[in-house]
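Q: Structure incoming, see below.
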Amino acid sequence: MSTATRTVVITDPVGIHARPAAEFAQAAGSSGCSVTISKQPGAAGVNAASILSVMGLGVKGGDTVEIVVTGDDAENAADSLIHTLTKGE
Amino acid sequence: MPSPARRRSIVDVAVAAGVSTATVSRVLSGRRSKDDDIARRVRRAAEVLHYTANPAASALRAETTAMLGLVIPDPPDSFAAGFVARFVSLAAAQAHQVLLLSAEGLTRPHHGGPSTDPGAHPVFGQAVDGCVMVAVETGGADARLPPALRSTSFPVISAGVTDPASAPVAAGSVGIDLDSTLQLAVARLVERGSRRIALLAPDVESLRGASYFVGFETALAPVHAITRAEWMSFGPTDAERGYADAARMIAEDGDRRPDGIVCVTDAVADGARLALETTMTATEATARNRPRLVTIADRHARDVDGNGAGPSERLRPDFTRMATAALRLLSESKTPDGSPSRSLLPSIEGEEERRGRLREPTTGGSDTSDAPTIAVPMLPEWTPPI
């Protein structure tokens, strides 16, 4: 069991809208790890597997988000989730 | 001449296009489906004048809310994730906003009251013009409508089921046309030289599993393909199961080994692919002997490609057509109390969809044997092997 933390700047001008939120939440839910996402590094995160929680963050273009992944193979899962979050931009 | 700073109105567009304001309204709302010179003039005038309709004002005038509800499992499964993305953007193109709700949230007690009060969920009331409930992937008995959606003043439809009989009790449903999907998958294998075809299907206990069994057998005969009882397996849709079943099948010799495998879900296909790569000897694993795979996918292509899963022979849900069909059904459906739909969505021409009626009334609500169903074929996604 390990923990991995990543931060990324959301470059999509409309932020994390329905499509990326849905894909990110699905990826987080199927990663086998516990994943949280927050809008400010260091702040308490919300459950990244919940699309409603992710959209509720109201992440806009230019915001920095932090994801914290806990579980087996957390490093790889974190890299994969960052890829999911940024690939459509 | 209006000052440049003034917000342009529908009257300005009507004057510029030489039509009535009613025509401008119909064209820009999509309720006028003809794409003729008038429609083009109106759109051009609106573009030049930077005019966009105000959805809230339009909704007030039409006594609608310009809001649609979308109930999803949260965390979303792979189908819900794909459907949400397309539905939200297509609804936005028709000047509708989407209120996302978790299926679990609809069954939780609210404001201290019981959760079984029909239509009493505070989120709804008169807040939406229609609602789509995305069914969970397994379908079946757990796909029933929550009590909060059983007696509403707006139409409720379901999306995502593969067997109309397992659709939640609703005014209509949009699902995947499983029969045509299996026909496409089998035909693809036969085109590439396979004839002895196996199926790695979902759990046979589910309605979905039974539908796979019937659809697969039906798909084989027209293309002169064959199967055997031991080549049809039913079980969990994960990679471990895909690996175990594929390894068992390819351990056989000659005619007892399938030369084509239809896998349900990407995870099962990943397992089967691994079995082919690791359990066949180099001599056996020539292109000629190696069974070919077709996946009835449940993920977006780029997810699979991004994970380096190799060449794709996949059929994936056509989320665009399913979301389009869901929007159309909402505008055509009646509310549970029998009044016409309040949603003013333009009708969209459908193609190749299989339309029907629920074969059997389902339990837990009003008789829905007349509820329309639309079954959408999956999209073939063939890429050459590397």
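Here, each number is a calculation from the coordinates, and none is a lab measurement. Since this is a predicted model, take the numbers as computed values, not measurements. For neighbour counting, all protein chains shown are included, and Cβ atoms are generated from backbone atoms with ideal geometry for every residue, glycine included.
Q: Please sort by residue number the trypsin sites (Lys or Arg not before Pro) in chain A whose DSSP state is loop and whose Cβ has at most 16 other Cβ atoms within 10 Å.
A: Sites meeting the loop and neighbour criteria: A:K60, A:K87.
Q: Turning to a different aspect of this structure: Which whole number gives the average count of other chain Cβ atoms within 10 Å of the Cβ atoms across peptide A:24-37?
A: Values: counts 2, 7, 12, 5, 2, 7, 8, 0, 0, 0, 0, 0, 0, 0.
Mean shielding by partner chains, rounded to a whole number: 3.
Q: Here's another thing I want to ask about it. Using only atoms on other chains, find how many Cβ atoms lie within 10 Å of each Cβ of peptide A:12-21 and report the average.
A: Average per residue, whole number: 3.
Q: If you don't mind, another one. Need one value for B:72-84: mean number of C-beta atoms belonging to other chains within 10 Å of its residues' C-beta atoms.
A: Mean number of neighbouring Cβ atoms from other chains: 6.
Q: Still on this structure, I have one more. Taking R0 as 45 Å, what's the FRET efficiency between B:N289 and A:V8 from their Cβ-Cβ distance, rounded to 0.05?
A: Efficiency, rounded to the nearest 0.05: 0.50.
Q: Let me ask something else. How big is D, in µm² s⁻¹, for the range A:2-86 by Stokes-Einstein at 20 °C and 1.002 mPa s if Rh is the Kirkwood radius over C-alpha pairs?
A: Answer, rounded: 176 µm²/s.
Q: Turning to a different aspect of this structure: Which length gain, in nm to one decimal place, applies between B:S89 and B:D36 when the Cα-Cα distance is subtracted from 0.36 nm times their residue separation?
A: Fully extending the segment from B:S89 to B:D36 adds 16.6 nm.
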